[in-house]
């Protein structure tokens, strides 16, 4: 479970349009990740802008990087993203599960689709 300061750092990192788009692209890319250059090309952002945004996401623990030859590959830190979602849902029901049912139904559909695609 994330601490409140960790969650605040992650939410701050996600509060910028390019960073949110990067996270969504990396979730789609899966564990193999994407090269920084491909992320920049997809988002129409130059290398210095991408470096700035990826650094924020990495500091927040939402992405990790690895070197592959001359490329830097970025991948989502799914454990951190899952912990962030759990942080949001931990107290959401307050004895009223109907508040969280739409979010849980969406997560269940995503998990079912992933299992069917595998």
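Considering only 21, 64, 96, the mean-square fluctuation computed in a Gaussian network model of the chain, springs between alpha carbons under 10 angstrom, is largest for 96. Among 63, 27, sorting on how many other beta-carbon atoms sit within 10 Å of each Cβ, with the fewest leading, yields 27, 63.
Angle of helix 17-29 to the longest C-alpha principal axis of the chain, folded into 0 to 90 degrees and rounded to 10: 90°. Ellipsoid fit via the Cα gyration tensor, the chain: semi-axes of 28, 17, 12 Å, each the root of five times an eigenvalue, largest first. Averaging Cα coordinates gives a centre for the stretch 57-110 and one for the stretch 9-39; these two points are 12 Å apart. For the stretch 4-117, the relative contact order works out to 24 percent when only alpha carbon pairs closer than 8 Å and six or more residues apart are counted. If I fit a long axis through the Cα atoms of helix 4-14 and take the longest principal axis of the Cα atoms of the chain, what angle between them do I get, 0 to 90°, rounded to 10? For 4-14 against the chain, the angle is about 50 degrees. Look at 89, 101, 84 and count the other Cβ atoms within 10 Å of each Cβ; fewest to most, that gives 101, 89, 84.
Bear in mind these aren't lab numbers, they're just calculated from the coordinates by the rules spelled out. None of the values given here were measured: they were computed from a predicted structure. In this analysis, Cβ positions are derived from the backbone assuming ideal geometry, glycine residues included, and neighbour counts consider all displayed protein chains.
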